[in-house]
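Accompanying notes for the structure given below.
Nothing in this text is a laboratory measurement; each read-out follows from the coordinates by a stated rule. Just so we're clear, the structure is a prediction, and the values are computed from it rather than from any experiment. Note that each Cβ is placed from the backbone with ideal geometry, even for glycine, and that neighbours are counted across all protein chains shown.
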Amino acid sequence: MYGIDYSKPEVVLLQDTGIGVAEAAARTCYDSFENSENEVIKSLECVLPDETMCAEINAIEESALLDDLAWTYFHHSILEHANLSFLVRGTSRGVLQEHARHRIQAISVRSTRYTMSSVINAFVASLQDSNPKEFFTRKVLGFNMLVTTNEAYNRLEIAGIFDKLSYQKQAVEDFYELAVAKSSLSLLEIHQGDSEALFTALQAGKKKRNVGDAFKHIVTDNFKVDMVVTFNLRSLKNYFTLRESGAAYFQIRWLAQEMMKVTPKKYLDLIIKKGKENA
């Protein structure tokens, strides 16, 4: 696409809370427990649920009331009682920016503050090599950290990262103190002139805490991102409606499509049912 190839994200549904609580919420609104086709919901009219009943509620697969409220009466607030959590691997920081526009979600993202050590170690080690940029490029290519898959393009991207780090090294006096854990500073002398040995030693040593604080400027929208994201069903409806659309940014459309693939039918029927008005 656009002359550049991209890898697609992978998605796993980590947990879902079921639609039973949403029906219980709706029945509470209308005081209509006796009309449910689900016996455990009917029983809520006269008893408080015990652990076994709660398990039955969470196992409910269909609800005629929820279908009516979702597609006939558009009473969507009851969908907020169902939640789904997705593990996402290999989307981009560009997609993360798009995600931030969906306000009702819980999102935990792989941190650049704490997870950039390998890139910085590759740069520090490369300075002991006769061709530092090539050493750095080769190492970073091996990290598979970019969503673009064209090696020629990725080499340009990584060369830019190298140039930015090289500029920073010249601009600050304490570069190695910023880049390397205190306990690993001695490795710079021990492995002087041996870039491979230095890289291996730095990787095996203690990682500098918050190393990304000094180097966030190297991060681009092309960096891969892993995250866990939780939506309530009403927000997920909004997300799929906007992001599965052909008008959406193609990378977040890919992510929405992968999320839809792992979303159970009982939820999809309430939020994207084909042929329904407003679907």
Taking neighbour Cβ counts within 10 Å as the exposure measure, how do Met145, Met259 sort from fewest upward? Met145, Met259
Proximal lysines to Lys139, defined as alpha-carbon separation beneath 25 angstrom and excluding residues fewer than eight positions away on the same chain: Lys8, Lys164, Lys169, Lys182, Lys206, Lys207, Lys208, Lys216, Lys224
Degrees, to the nearest 10: 195-204 long Cα axis against longest axis of the chain: 40 degrees
On Cα atoms only, tilt of 20-30 relative to the major axis of the chain in degrees: 50 degrees
Size of the stretch 117-218 as Cα extents on the principal axes (Å, biggest first): 37, 26, 23
If you place +1 on the Cβ of every Lys and Arg, -1 on the Cβ of every Asp and Glu, and leave all else neutral, what size is the dipole of the stretch 117-218 about its Cα centre, to the nearest 20 Debye? 340 debye
When the charge dipole of the chain is computed with +1 on Lys and Arg Cβ and -1 on Asp and Glu Cβ about the Cα centre, the Cα farthest towards its positive end, among Gly246, Phe231, Ala82, belongs to Gly246
At a 10 Å Cβ-Cβ cut-off, how would you order Ser117, Ser7, fewest neighbours first? Ser7, Ser117
When Cα extents along the principal axes in Å is calculated directly from the model, which label among (i) 50, 43, 38; (ii) 61, 47, 33; (iii) 79, 44, 25 fits? (iii)
So what's the angle, to the nearest 10 degrees on a 0 to 90 scale, between helix 117-126 and the longest Cα principal axis of the chain? 20 degrees
Relative contact order [Cα under 8 Å, 6+ residues apart], the chain, whole percent: 31 percent
Please rank His217, His191, fewest neighbouring Cβ atoms within 10 Å first, as an exposure proxy. His217, His191
